[in-house]
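Below: the structure, in structure tokens.
The values are calculated or read from the model by the stated rules, or taken from the named source; none is laboratory data. Bear in mind that the values here come from a model prediction, so they are computed numbers and not experimental data. Cβ atoms come from the backbone with ideal geometry, glycine included; neighbour counts cover every protein chain shown. Only protein heavy atoms, including side chains, enter the accessible area calculation; ligands, DNA and RNA are left aside. Shrake-Rupley method; radii C 1.70, N 1.55, O 1.52, S 1.80 Å.
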Amino acid sequence: MTVVTTERLILRDWTDDPADLARIYDIYSRPEITRWLGAAPGLPLTDPSEAIDRLRIWQDRNAADGGRYGTWAIEVRETGQVAGTVLLKPLPGRDAAVRTEDIETGWHLHPDSRGHGYATEAARALMAREFAAGTSEIYAVVSPGNEPSMAVCRRLGMEHVGRRTEWYGGEELETFVRAAPTA
């Protein structure tokens with residue numbers, strides 16, 4: 001299912017199609033990506049068969065949200081290649097299990113898709129949709145040292161509010177926030 005489209009991108013559900021599962025494995029088996037995902041158990045993936053488990057985690061986590069929140073594939077319209085993942089979801093709290101009222105956006109791009117503005121374009125589109133639904137502010141939380149992701153936050157017009165520990169089991173994360181545009 002397509003969630004959002006932009007000039008260059010289709011944000012859609014990840015599927016159990018072999019090409020999607022291969023791309024999930026290719027992205028989430030890479031230490032250069034997963035090292036920034038500290039609170040994500042089961043990463044990096046070590047066997048291609050684990051991609052279906054990752055897909056099911058994403059599907060189950062947001063099954064009751066009616067498509068409002070999720071973890072989606074970023075597909076490049078021109079090539080059909082999946083560049084990576086974009087997400088929009090309630091942040092998990094200090095216990096890492098209970099969802100908070102705080103909404104997070106995030107992205108994980110394959111190295112072959114970096115430097116094209118895909119993360120910024122995808123997150124911007126999801127943020128606009130979420131602000132239109134009435135959310136007053138959206139967060140991005142970034143592992144300290146992940147300068148490329150912090151640069152995306154800045155391009156999105158997000159304000160750095162320091163390191164905070166109230167989400168993801170108390171992990172210390174660089175926190176960015178953007179308030180909904182005013183009319």
Selection within segment 21-68 - among the aromatic types (Phe, Trp, Tyr) and either open to solvent by less than 50 Å² (accessible area, probe 1.4 Å) or over 22 Å from Glu171 (Cα atoms) (or both):
Tyr25, Tyr28, Trp58
In segment 96-126, how many are part of a strand (DSSP E or B) and either within 19 Å of Ala63 (Cα to Cα) or modelled with pLDDT under 95 (or both)?
8
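Yes/no matrix, rows are residues, columns are (1) more than 26 Å from Glu32 (Cα to Cα); (2) among the hydroxyl-bearing types (Ser, Thr, Tyr):
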{"site": "Thr71", "(1), (2)": "no, yes"}
{"site": "Thr105", "(1), (2)": "no, yes"}
{"site": "Ser113", "(1), (2)": "no, yes"}
{"site": "Ala128", "(1), (2)": "yes, no"}
{"site": "Val142", "(1), (2)": "no, no"}
Consider segment 145-183. How many of its residues are in a strand (DSSP E or B), under 17 Å from the mean Cα position of the chain (by Cα) and closer than 14 Å to Asp102 by Cβ?
5
Among all residue pairs at least 6 apart or on different chains, which show Cβ distances below 9 Å where the first residue, located in segment 153-179, is more than 13 Å from Gly93 (Cβ to Cβ) and of a type in the set (Lys, Arg) and the second is open to solvent by less than 60 Å² (accessible area, probe 1.4 Å) and assigned to a strand (DSSP E or B)?
Arg154/Phe176; Arg163/Leu173; Arg163/Glu174; Arg163/Thr175; Arg178/Thr105; Arg178/Ile138; Arg178/Tyr139; Arg178/Ala140
Of the residues in segment 83-121, how many are hydrophobic (A, V, I, L, M, F, W, C), more than 9 Å from the chain's Cα centre (by Cα) and within 16 Å of Ala40 (Cβ to Cβ)?
4
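Just checking, how many residues over segment 132-144 are open to solvent by 30 Å² or more (accessible area, probe 1.4 Å), assigned to a loop (DSSP other than H, G, I, E, B) and either touching a strand residue (DSSP E or B) at 6+ places or on another chain (Cβ under 7 Å) or of a type in the set (Lys, Arg) (or both)? Explain how you work it out, then say what you get.
The initial filter retains those residues of segment 132-144 that are open to solvent by 30 Å² or more (accessible area, probe 1.4 Å), namely 132-134, 136-137, 144.
Imposing the further condition that a residue be assigned to a loop (DSSP other than H, G, I, E, B) reduces the set to 133-134, 136, 144.
Narrowing further to those that are either touching a strand residue (DSSP E or B) at 6+ places or on another chain (Cβ under 7 Å) or of a type in the set (Lys, Arg) (or both): 136, 144.
So the count comes out to 2.
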As an exercise: evaluate Arg129 against (1) without any contact (Cβ under 8 Å) to a residue 24 or more places away in the chain; (2) in a helix (DSSP H, G or I); (3) open to solvent by 50 Å² or more (accessible area, probe 1.4 Å) and give the number of the one condition it does not meet.
(1)
Residue that is most open to solvent (accessible area, probe 1.4 Å) [pool: residues in segment 69-111 that are within 12 Å of Ala122 (Cα to Cα) and among the aromatic types (Phe, Trp, Tyr)]
Trp107
Among the residues in segment 146-164, are any open to solvent by 50 Å² or more (accessible area, probe 1.4 Å), modelled with pLDDT under 95, farther than 24 Å from Trp14 by Cβ and of a type in the set (A, V, I, L, M, F, W, C)?
no
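Within the bounds of segment 56-78, is there any residue that is in contact with a Pro (Cβ under 8 Å, 6 or more places away or on another chain) and at pLDDT below 95?
The first filter runs over segment 56-78 and keeps only residues in contact with a Pro (Cβ under 8 Å, 6 or more places away or on another chain), leaving 69.
From what is left, the residues that are at pLDDT below 95 are none.
Checked against the condition, which is being in contact with a Pro (Cβ under 8 Å, 6 or more places away or on another chain) and at pLDDT below 95, segment 56-78 yields no hits at all.
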